[in-house]
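The values are calculated or read from the model by the stated rules, or taken from the named source; none is laboratory data. Not measured: the values here are computed from a predicted model. Note that each Cβ is placed from the backbone with ideal geometry, even for glycine, and that neighbours are counted across all protein chains shown. Just the protein is used for accessible areas: all its heavy atoms, side chains included, with ligands, DNA and RNA removed. Shrake-Rupley method; radii C 1.70, N 1.55, O 1.52, S 1.80 Å.
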Amino acid sequence: MDIEAIQITFESEIQNLKSAEELEGLRIKYLGRKGIIAHLTSQIPSLPQSERAGFGKRVNSLKDKITALIEEKQRNLSLNQGISQGAGADIGMPGIAQELGRLHLLTQVIDEICDIFQRMGFSVVVGPEIETEYNNFTGLNIPLEHPSREAFDTFYIQDYPKLLLRSHTSPVQIRAMKAQKPPLAIIAPGRVYRPDAVDASHSFMFHQIEGFMVDQDIKFSDLKGVLEVFAKGVFGEDIKMRFRPHFFPFTEPSAEVDISCIICNGKGCSVCGRKGWLEILGAGMIHPKVLKNVGYDFKKYSGFAFGMGVERIAMLKYGINDIRLFFENDLRFLKQF
Ligand code: DAH
């Protein structure tokens, strides 16, 4: 038998087969006990003495070649099989799309607001959520008898020295001003805590962004200009602003700031309570006593400060009517933003 012809036949047969069963059949046909190789070997004794060694060698090398090709084919078949059948998968099917995660809406809004202020030269500073009574109240000129100090308005967590969960981000003013000399322009986002019963508009934990700027000759008009850039950046160029006189212990004069209602454009609707205006933040000129408390020369320096609730801004901007949605982390809600 022509060994070369056998090899050529084998090579074409192995190339065309597609399954492990077929390959096993081929292996038995060539390498099996009654296979072609065995048949060739059995012919050796009947050959003339002079041809035996040469023929035997060629049979052996054919056997090695066939064995190697079968092993290689086995590896290839089991690889493909792993993909096409192994886990019940079909390589012809479209892949499973990887869902991308996203930032929580509150993180997005905080980032957006901080970005607007950073473009105006403000730096982001964060303070701790556990604060001293001094930073949260006393340093900010909040008198001892002020109702916000009561246990039903503040979470106290330690008696001596007195520690609490900050009830606003204003204590970052005290920390930052004690650490740095003017001029400074700082924006301070973070969590705050108040023992409020949870409902559609109250949460025991929420987010605020504090902003403040101190230098020589800072005026109320600087505050107005900065807040106007902020409001237009978040709510659009057409938004109008108004300042209503108010009182905060840490600012003088103080104001509450409204924007024209983004739902009815100022005409009056249910969202703005027919007023046409929505309150978005508190602000004012930093009280000289606060500047004095941090060791600033209040005759030389002046500054403004403001504080806003992030959830409120996000609810207004995106038409969300329940603050609890931010914290339930229902993906059907979160995925919309
Ligand atoms: N800390 C105030 C609050 O939580 C908000 C605030 C009002 C902050 C006026 C300020 C400000 O910096 O000037 O209600």
Which condition number does residue 200 fail, the rest of (1) surrounded by 14 or more Cβ atoms within 10 Å (Cβ to Cβ); (2) away from the ligand (no atom under 12 Å from the Cβ) being met? (1)
Check whether at least one residue in the stretch 150-162 is open to solvent by less than 80 Å² (accessible area, probe 1.4 Å), assigned to a helix (DSSP H, G or I) and within 11 Å of the ligand (Cβ to nearest atom), and report yes or no. no
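Taking the stretch 273-288 on its own, how many of its residues are touching a Pro at 6+ places or on another chain (Cβ under 9 Å) and within 15 Å of residue 175 (Cα to Cα)?
Looking only at the stretch 273-288, we keep the residues that are touching a Pro at 6+ places or on another chain (Cβ under 9 Å), and these are 284-285, 287.
Within this subset, residues satisfying the condition of being within 15 Å of residue 175 (Cα to Cα) are none.
Of the residues in that region, 0 qualify.
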Restricting the stretch 238-263 to residues that are more than 15 Å from residue 227 (Cβ to Cβ) and under 33 Å from the mean Cα position of the chain (by Cα), which is most open to solvent (accessible area, probe 1.4 Å)? 238
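Here's the yes/no breakdown for (1) open to solvent by less than 50 Å² (accessible area, probe 1.4 Å); (2) touching a residue at least 40 places away in the same chain (Cβ under 8 Å):
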position: 166; (1), (2): yes, no
position: 171; (1), (2): yes, yes
position: 187; (1), (2): yes, yes
position: 191; (1), (2): no, yes
position: 210; (1), (2): yes, yes
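Given 34, 29, which one is assigned by TED's automatic domain parsing to the domain that holds residue 78 and not in a helix (DSSP H, G or I)? Before the answer, list the steps.
Working: 29 fails: not in a helix (DSSP H, G or I).
From the options 34, 29, the qualifying one is 34.
Yes/no matrix, rows are residues, columns are (1) assigned to a helix (DSSP H, G or I); (2) crowded, with 16+ Cβ neighbours inside 10 Å; (3) within 14 Å of the ligand (Cβ to nearest atom):
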site: 292; (1), (2), (3): yes, no, no
site: 295; (1), (2), (3): no, no, no
site: 298; (1), (2), (3): no, yes, no
site: 306; (1), (2), (3): no, yes, yes
site: 314; (1), (2), (3): yes, yes, no
site: 320; (1), (2), (3): no, yes, no
Close pairs (8 angstrom Cβ cut-off, 6 or more residues apart or separate chains): under 16 Å from residue 174 (Cβ atoms) in the stretch 136-160, assigned to a helix (DSSP H, G or I) and β-branched (Val, Ile, Thr) anywhere: 139/174; 139/290; 140/174; 140/290; 141/290
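Residues that are open to solvent by 50 Å² or more (accessible area, probe 1.4 Å) and acidic (Asp, Glu): which helices (runs of 4 or more DSSP H) entirely in the stretch 43-144 hold 3 or more of them?
Working: elements: 49-81, 105-119, 133-136.
Where helices (runs of 4 or more DSSP H) fall fully within the stretch 43-144 and carry at least 3 residues being open to solvent by 50 Å² or more (accessible area, probe 1.4 Å) and acidic (Asp, Glu), they are 49-81, 105-119.
Are any residues in the stretch 278-290 more than 13 Å from the ligand (Cβ to nearest atom) and aliphatic (A, V, I, L, M), and if so, which ones?
If the condition is that a residue be more than 13 Å from the ligand (Cβ to nearest atom) and aliphatic (A, V, I, L, M), then 278 is the only one that fits.
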Which listed residue is outside any strand (DSSP E or B) and more than 16 Å from the ligand (Cβ to nearest atom), from 239, 218: 239
Tally up the residues in the stretch 163-183 that are farther than 13 Å from residue 128 by Cβ and within 13 Å of the ligand (Cβ to nearest atom), please. 5
